[in-house]
Every structure is written in structure tokens, then in C-alpha cells.
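Notes to accompany the following structure.
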Amino acid sequence: MHFLITSDDGSGERLDRFLQRKQPEVSRSRLQDLIRDGHVTVSAKPAKPSTILKAGDPVSLVIPEASPVEVKAQDIPLDVLFEDEHLIVINKSPGLVVHPAAGNPDGTLVNALLHHCDDLSGIGGEMRPGIVHRLDKETSGCMVVAKHDRAHTRLTEQFSDRRISKFYLAAVAGVPKEEGALIKNKIGRHPVDRKRMAVLYDGAGKDAVTEWKQLSTHQGCALILCRLLTGRTHQIRVHMKECLFAPILGDPLYGHPSRQPIPSSRMMLHAWKLAFEHPVTLQPLTFDAAIPSEFEPWLGDRSVLDSVKTMR
């Protein structure tokens with residue numbers, strides 16, 4: 001689809017914000033990607049998301065047609081924590097990609113879910129049926145998936161309204177000076193490395209809030225309990241790296257695994273607890289994903305986990 005928009009009322013406005021106002025059905029992050037990929041021009045010239053418009057500037061926006069891709073069901077084992085006719089909660093294993101994408105056309109959680117379930121919600125799109133939220137490939141732990149559109153919509157609303165409780169365990173390279181705190185800033189795409197996210201201080205980005213508490217230490221590395229109050233891409237990974245100066249052990253993108261104090265075969269981030277209201281019965285539900293053995297050196301007699309009660 002091609003749109004030609006005259007910025008008569010956009011003088012002094014950023015290009016990405018102008019386009020979001022004109023095309024509200026397209027997310028700002030999607031528009032920013034389109035701009036960076038050369039699908040947007042201002043006065044017939046390439047532009048940046050931060051380009052400031054002048055009155056009368058012709059803005060051309062091309063939204064490429066999505067390439068049809070068939071997602072096949074695959075018999076991949078799932079660790080199911082709960083299931084009914086409305087939703088399924090699984091303990092995702094580390095190394096499992098959530099949905100097909102470039103470089104991962106199959107072997108994903110979606111492929112496994114299509115085999116396990118008779119039907120899935122279509123609201124998430126052909127490539128992401130039923131997916132309400134996601135975990136990074138190397139992150140393990142609790143995920144909820146909707147089985148029909150009504151459940152998908154209501155679960156999405158709970159995530160959007162921040163009514164879902166999400167607790168993570170992260171083993172980090174180093175020991176923070178504080179015992180715990182609330183991190184509140186803005187996270188957006190890294191200005192240089194587009195594969196990474198970063199804390200932004202120029203007014204860009206989206207609110208990112210993480211409550212954290214140090215639980216224990218082992219060989220100069222700390223176990224951190226994180227409660228996510230927002231759900232930005234790579235949020236915990238960025239906050240550990242940039243705010244605590246202690247990247248997650250085994251994180252290939254934000255840390256340096258080969259130079260970290262404790263070798264790790266995986267990224268040490270686990271979505272431990274997930275609590276939400278059932279989208280149909282309205283019953284409060286809480287799930288725990290078994291803590292992987294890699295975290296045992298920090299757990300001792302597991303009394304350290306009692307601290308989660310102070311972060312409800």
C-alpha cells in the first residue's frame with residue numbers, strides 16, 4: 001500500500017510521530033522500521049524517524065505486502081503447566097524460539113502449539129497464532145497462549161493494563177551495590193546497533209519499569225529477582241546491563257560470556273512466576289515454572305526465594 005501525505009499540519013513535528021498520527025493503525029515501532037528500511041521519503045528523499053518536518057513537505061509511505069508463509073505443525077515436546085479450552089500455559093525451554101521469523105522458519109513454539117492444539121487464536125497473525133506475549137529465545141519459563149480470539153483479546157488487555165504479575169530470576173555478572181530498587185526509564189532501539197535495545201535519554205523510547213531485589217551471591221555473581229511492571233523488548237537484559245552494570249550471565253548480546261566470572265551454557269534468565277485473571281472464568285491464576293538446575297548454586301536451601309513475598 002502507498003500513501004502520499006502532505007504535512008501541512010506537521011511543521012516542527014518528528015516524522016515518526018507525524019506518521020503515527022496519520023496512520024494510527026500502524027504501530028510507531030513498525031513505522032520507524034519502515035522509515036529505516038527506506039519505505040518512507042520526505043520530499044522524495046530518504047529520511048530518519050527523527051527528521052523534523054516543514055509545512056508542505058510531501059511524505060511518501062509504502063507499506064510492503066506481507067509474504068505469505070505457511071506455518072506447519074511440528075511434534076515438539078511441550079512442558080504444559082495448565083490447559084483448558086481457552087488457554088494453555090507452558091514452561092518454555094531455553095533455546096526455543098517463540099514464533100517463526102527470518103533465520104527460524106520452523107522448530108518454534110508456534111509450530112509445537114499448532115501440533116498440540118486443535119485450533120489457535122488468529123488475532124496474533126498467521127505467524128503468531130495465539131501468542132499474547134513472548135520470551136527471548138534463550139529465556140526459559142512461564143508463557144500463556146490464547147486458544148481463541150476472545151481469550152486473546154482479554155489477555156492482551158491485561159498485559160496492556162499491567163494487571164499481570166511477572167517475576168523473573170536473573171543470574172548476573174557482578175554484585176550490585178544496592179540490595180534492590182525500582183528502575184524507571186525509557187527503552188528504545190539502540191541508535192547504532194539495531195539488534196539491541198538501550199536506555200534512551202532524549203525523550204524517545206517507551207516507559208520501562210523493573211522492580212528488582214538481590215537474593216544471593218555466588219563466586220562474585222548475584223541472583224536477582226525482577227518484577228516486570230512493563231514489558232519492553234529485552235527490558236531486563238537492558239536494565240541489568242545499563243542500570244546495575246551487571247549483564248546477565250551468558251547473554252550473547254548485552255554481555256561478554258567468554259569474559260564473565262562464571263561460564264554459562266545459556267542465558268541465565270528465567271520467567272519464574274506468572275499470575276493473571278482467567279480471561280473467561282475470571283478466576284485468579286498463578287503459575288510457577290520449575291527453576292532450572294543452572295540456578296542451583298544461588299539457591300542454597302531455597303529460603304532466598306521467600307523474598308518474592310515482599311514484591312507482590
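The values are calculated or read from the model by the stated rules, or taken from the named source; none is laboratory data. Keep in mind it's a predicted model, so treat the numbers as computed, not measured. Using ideal geometry, Cβ is built from the backbone for each residue, glycine included, and neighbour counts are taken over all protein chains shown.
With respect to residue 264, is the statement that it is farther than 19 Å from residue 177 by Cβ, over 21 Å from the mean Cα position of the chain (by Cα) and surrounded by 15 or more Cβ atoms within 10 Å (Cβ to Cβ) true? Against the criterion (farther than 19 Å from residue 177 by Cβ, over 21 Å from the mean Cα position of the chain (by Cα) and surrounded by 15 or more Cβ atoms within 10 Å (Cβ to Cβ)), residue 264 qualifies. Number of residues in segment 282-301 that are surrounded by 10 or more Cβ atoms within 10 Å (Cβ to Cβ) and either out of contact with any strand residue (DSSP E or B) (no Cβ under 9 Å at 6 or more places or on another chain) or among the small types (Gly, Ala, Ser) (or both) equals 4.
For residue 208, the requirement of being under 30 Å from residue 154 (Cβ atoms), surrounded by fewer than 23 Cβ atoms within 10 Å (Cβ to Cβ) and among the aliphatic types (A, V, I, L, M) is not met. Criterion applied to 247, 261, 297, 279 was being touching a Lys or Arg at 6+ places or on another chain (Cβ under 7 Å) and over 30 Å from residue 149 (Cα atoms), and the one residue passing it is 247.
Only residues that are touching a Gly at 6+ places or on another chain (Cβ under 9 Å) and buried (at least 18 other Cβ atoms within 10 Å of the Cβ) were counted in segment 217-230, giving 4.
For residue 69, the requirement of being within 29 Å of residue 195 (Cβ to Cβ), modelled with pLDDT under 90 and of a type in the set (A, V, I, L, M) is met. Residues in segment 157-176: is at least one assigned to a loop (DSSP other than H, G, I, E, B), in contact with a Lys or Arg (Cβ under 8 Å, 6 or more places away or on another chain) and closer than 27 Å to residue 82 by Cβ? Looking for residues that are assigned to a loop (DSSP other than H, G, I, E, B), in contact with a Lys or Arg (Cβ under 8 Å, 6 or more places away or on another chain) and closer than 27 Å to residue 82 by Cβ, one finds none in segment 157-176, hence no. Is it true that some residue in segment 181-192 is crowded, with 17+ Cβ neighbours inside 10 Å and at pLDDT below 95? Yes - at least one qualifying residue is present in segment 181-192.
Please return the ranges of strands (runs of 3 or more DSSP E) entirely within segment 27-142 where 2 or more residues are in contact (Cβ under 8 Å) with a residue 24 or more places away in the chain, in contact with a Lys or Arg (Cβ under 9 Å, 6 or more places away or on another chain) and not acidic (Asp, Glu).
Working: elements: 40-42, 58-62, 80-83, 87-92.
By residue number, 58-62, 87-92.
Please find, among 204, 208, the residue that is under 17 Å from residue 28 (Cα atoms) and in contact with a helix residue (DSSP H, G or I) (Cβ under 6 Å, 6 or more places away or on another chain).
One residue alone meets the criteria, 208.
For segment 239-259, the criterion of being in contact with a helix residue (DSSP H, G or I) (Cβ under 9 Å, 6 or more places away or on another chain), at pLDDT 95 or above and among the acidic types (Asp, Glu) is met by at least one residue.
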